[in-house]
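All remarks here apply to the structure that follows.
The values are calculated or read from the model by the stated rules, or taken from the named source; none is laboratory data. On a predicted model such as this, the values are computed, not experimentally measured, just so you know. When we count neighbours, we look across all protein chains shown, and the Cβ atoms used for this are built from the backbone with ideal geometry, even at glycine. Surface areas here come from the heavy atoms of the whole protein model, side chains and all, with no ligands, DNA or RNA. Shrake-Rupley method; radii C 1.70, N 1.55, O 1.52, S 1.80 Å.
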Amino acid sequence: MLVDTHIHLDADEFEHDREAVLASARSAGIARFVVPGVEVANFDRVAALAAVHPDIRHAYGIHPLYVDAAGPDDLAVVEDRLSKGDAVAVGEIGLDFLVDSERNRNRQEQFYIAQLKLARRFDLPVILHVRRAVDAVLKHLRRIEVAGGIAHAFNGSRQQADAFIAMGFKLGFGGAMSFDGSRRIRALAATLPLDTLVLETDAPDMSPAWAQGRRNEPCNLLRYARILADLRGTAVDEVIAATGRNAVSVFAGRL
């Protein structure tokens, strides 16, 4: 089945037509949507979406770009939400070193480590943000073992991909594959074992080549599956079936 393993359906960009967006995606064959939390302020929204729509699953986490506005009480909220047992993962968590500030990096790592420990405590996978920080993300995963997860929007090296895979992680691929200039990403998508890949849109962000400057939408996931199939020289049905199985395995049947 087609699974969008990373989509922010709670975003304001979908506020005026969310139901139509979901209907379009379902018509394209998308069977499940995983909506990660990014800050305490959006936890109620992602939980409400999952409560209303049987094909939506949700996760709780504090995104690295939101840690400056968060405090210890926010981590306590994450812990409390996870204790209720309705989340499929801890996420979106991780590191983002695009902004080069030592203070910010240290704070990101503090929150990342704390949330890895929560994932281990509740035996949940993690949804990882890894922008320009793959080695640092891996370093902490080696110290704090968790129940696998997804390296979202993977853009690392083959060696880094293999390191994630060795720890039981899947790698998320989406709109970046649609750009001819994304040679490393397209090469990885073509050559990594199919049983290590999952599909994602990150909608409304990370728009594909055919929608630059416009909102990304979950219905694009089907086209991503076709692109991945073309890159690998295989049938799209095989890609859909394999990436769907991979998503189910990541979330331990919680989909």
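Observations on the structure shown:
- Counted over the chain, the DSSP beta bridges are approximately 0% antiparallel.
- Only protein atoms count toward the accessible area here, which uses a 1.4 Å probe; on the stretch 27-128, the carbon and sulfur part of that area reaches 48 percent.
- Mean projected area (nm²) of the alpha-carbon convex hull when the stretch 50-130 is viewed from all directions: 5.6 nm²
- Spacing of the modelled spin labels on residue 51 and residue 132, each 7 Å from Cα toward Cβ, amounts to 3.9 nm.
- Anchor residue 139: aspartates and glutamates whose Cα lies under 13 Å away (excluding residues fewer than 8 positions away in-chain): 109
- Check: the chain dipole with +1 on Lys, Arg Cβ and -1 on Asp, Glu Cβ, in debye: 820 debye
- Summed over the residues of the chain and divided among them, the accessible surface reaches 42 Å² per residue at a probe radius of 1.4 Å.
- Charge dipole (Cα centre; +1 on Lys/Arg Cβ, -1 on Asp/Glu Cβ; no other charges) of the stretch 1-119 amounts to roughly 440 debye.
- Ordering 137, 89, 99 by the projection of their Cα atoms onto the charge dipole of the chain, which places +1 on the Cβ of Lys and Arg and -1 on the Cβ of Asp and Glu, puts 137 at the extreme positive end.
- Taking a point 7 Å from the Cα of residue 236 along the Cα-to-Cβ direction, the residues of the stretch 204-222 with backbone N closer than 15 Å to it are 219-222.
- Additional length obtainable on full extension of the chain from residue 16 to residue 187, 0.36 nm per residue less Cα span: 57.8 nm
- Mean shadow area of the chain, taken as a quarter of the surface of its Cα convex hull (nm²): 12.4 nm²
- Distance cut-off 15 Å, percentage of C-alpha pairs in the stretch 1-45 lying past it: 47 percent
- In this label model, residue 159 and residue 180 are separated by 3.1 nm, measuring between points 7 Å along each Cα→Cβ vector.
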